[in-house]
Amino acid sequence: MCGIVGYIGSNEKKNIILSGLKELEYRGYDSAGISVLSNNILSTFKTTGKLINLENKCKDFNSSGFGVAIGHTRWATHGKATEVNAHPHFGESSSVVHNGIIENFLEVKQLLESRGKIFLSQTDTEVIVHLFEENLKIYPNHLEAFKNTINSLIGSYAILLITKSAPDRIFYAKNGSPLLIGASKDEIYFASSSTPLIGLIDRVCYLEDGDIGVMDTKSFDNLKNIQPMGGEKISSQKDGYRYFMEKEIYEQHKVLKDTLRNRILDDDIILDLPDNFEDDISRIYICACGTSYNAGLSAKYLFEREAKIKTDVVIASEFRYADPIMEKDTLFIVISQSGETADTLEALKLANKNNLKTLAICNVDNSSIVREAKYSLLTRVGIEKGVASTKAFSSQVILLWMLGIYIAKKKSLISIEQVRTQVSNIKASIEATKVNACIHDRLKKISKRYLHGHGFFFIGRDIFYPLALEGALKLKEISYLHADGYPGGEMKHGPIALADSELFCVSLMPKHLLYDKIKNNIQELSARDATICIVAQEYNDIADDIVLIDKFNSYMEEFFAMMIVLQLLALEISIRLGNDVDMPRNLAKSVTVE
Ligand code: AGP
């Protein structure tokens, strides 16, 4: 989603901002722009499409000496993805970038228009810069004018503003959208996530909601909660794979071992949680969005069957406004790959306000969700660049599975022997994510049969139902074909009305869980002439197509082996359709607006 980078210093500002924006590129955007203020000249460049267009547009522009600069990648919310709607938005002598949504922008805009201001764009953001310039006429102090501007806004925002009459500083505000400030020797950097700043700064400050201020090269030390920030820039490469998504599918069996690292000792599970963590937990509430929600739903089956703990799972955007009943004996788990998803973050804040024990399962340390949660466990699978989540999903399921067993053991709900069995099952399940080249070849081949039709149903039962949801989500995200996930037994309650030979049913048929039940459900679809693609360990004659996975001894190994098949199937269909696998249309990697 939208990305922000800012810079104060003497190095080539254009290059710094452009390379910072490049680091945020994988998150998804549809236009981009930069403003550079140096030697009393404020220059702004904006384009639609990829950053390469912006680079070309400003290739002859250089800014020597000291100055300030801001840049932005925009994922359209208010107004189409046009050049004029791209950020930065400018007034007579100031320029602004903004992530989030200004909810009262229409009222502010009308007020400003009544005072003669002319608006160029359809965005909510443009009001900020005009209001600031109006306020400058009333408050000669820049910071006071900026604070008054921010205080008139309702909504979520991370804002950077530069203005010609204060050429050595950047004004900033944060509420609900992430923003951080970093410093190296004589330079100050801003960004909406730490990724663009790794290797450039040695200290960082993650701003809190409500922070409003101004920064020059001398004021960084006045910030609260400054932390050291090390690390070298590790630019993630495709390593010979065609897409990041493909690489991320293939590396799961390796990176999932990092999810386990130091958490399994002598066939026991040790998690970095306080000793009495399990006290007062008699039920679990899981809250997340998208793929993370599907991982949560998978965990419900594991928590209830394997760990004997009552569990509810809810989509974060639904939870927030449903006046949920929050009982004190609840462990409230949020799951998020990015740690920045606005709905999940707000749901977490609500749970904290209600004094629940909150725990984040997340892949990004120091993200807003990790910082907000009382406890956190990192999935540790490295940066995920493909917008369609793959390794994030598998790591979330593995970590949640371990968590369930850990709590059950501490509460004496299961025996040491059962813990041992689960640990070996977890290890075997990770092995099951290793891509079998023959299966991948088979998927490359059969994908050509699934490029048309009027839609896909992915069906499964029990924990294979959330996996079916995830398979359908993967496919629709990157193929733009209609796909739905359903519990196998639910088809005859409505969806089966769609069955004909142009309806593709990808059916998950594990040998070790409810085999006969799902077989019946598939037969019902086959009898109505639906085209059936079965994923199973053994040949079956109901199938029009069959993808055989390796032989496994447990349903969770089958779960992870089938997950790989679904991820690869989506990938191969998307490639055949000529889509941008890693950056599919309309999607963003980090969804920072509600
Ligand atoms: C996954 O393929 C999607 N891109 C999307 O559903 C994602 O899982 C969702 O937006 C939640 O993101 P998070 O895990 O970063 O919170």
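A short reminder: the numbers here are calculations on the coordinates, not readings from a lab. No experiment lies behind these values; they were computed from the predicted model shown. Every residue, glycine among them, receives a Cβ derived from its backbone with ideal geometry; neighbour counts consider all protein chains shown.
In table form, for the structure just shown:
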quantity	calculated
Highest average packing first - 25-36, 44-55, Cβ atoms within 10 Å	25-36, 44-55
Subset of LYS444/LYS551; LYS22/LYS57; LYS147/LYS218; LYS137/LYS185 violating a 24 Å alpha-carbon distance limit	LYS137/LYS185
Proximal aspartates and glutamates relative to LYS238, as straight alpha-carbon distance under 12 Å, when same-chain residues fewer than 8 apart are discounted	GLU246, GLU248, GLU251, GLU384, ASP582
Global form of region 239-434, assessed from the alpha-carbon gyration tensor, a/c cut-off 1.5	oblate
Region 310-397: GluC sites (Glu not before Pro) in DSSP coil with no more than 12 other Cβ atoms inside 10 Å	GLU327
Subset of LYS474/LYS517; LYS254/LYS374; LYS247/LYS434; LYS109/LYS349; LYS80/LYS109 violating a 20 Å alpha-carbon distance limit	LYS474/LYS517; LYS254/LYS374; LYS109/LYS349
Student exercise, the chain dipole from Lys, Arg, Asp, Glu Cβ charges, in Debye to nearest 20	640
Shape metrics for region 435-582, restricted to C-alpha atoms - Rg then Dmax, Å	13.8, 39
Rounded if a/c under 1.5, otherwise prolate or oblate - region 3-228, Cα gyration tensor axes	rounded
Value at 222 nm in deg cm²/dmol, rounded to 500, when DSSP H runs of n ≥ 4 in the chain each add -39,500 (n - 2.57)	-10500 deg cm²/dmol
Exposure proxy ranking, count of Cβ atoms within 10 Å, fewest first, for LYS13, LYS164	LYS164, LYS13
Cα shape, the chain, gyration tensor, a/c 1.5 rule	prolate
For region 307-322, Karplus couplings with θ = phi - 60° (6.51, -1.76, 1.60), whole Hz, Gly/Pro x	10, 6, 10, 5, 9, 10, 10, 9, 6, 4, 5, 7, 4, 4, 10, 9
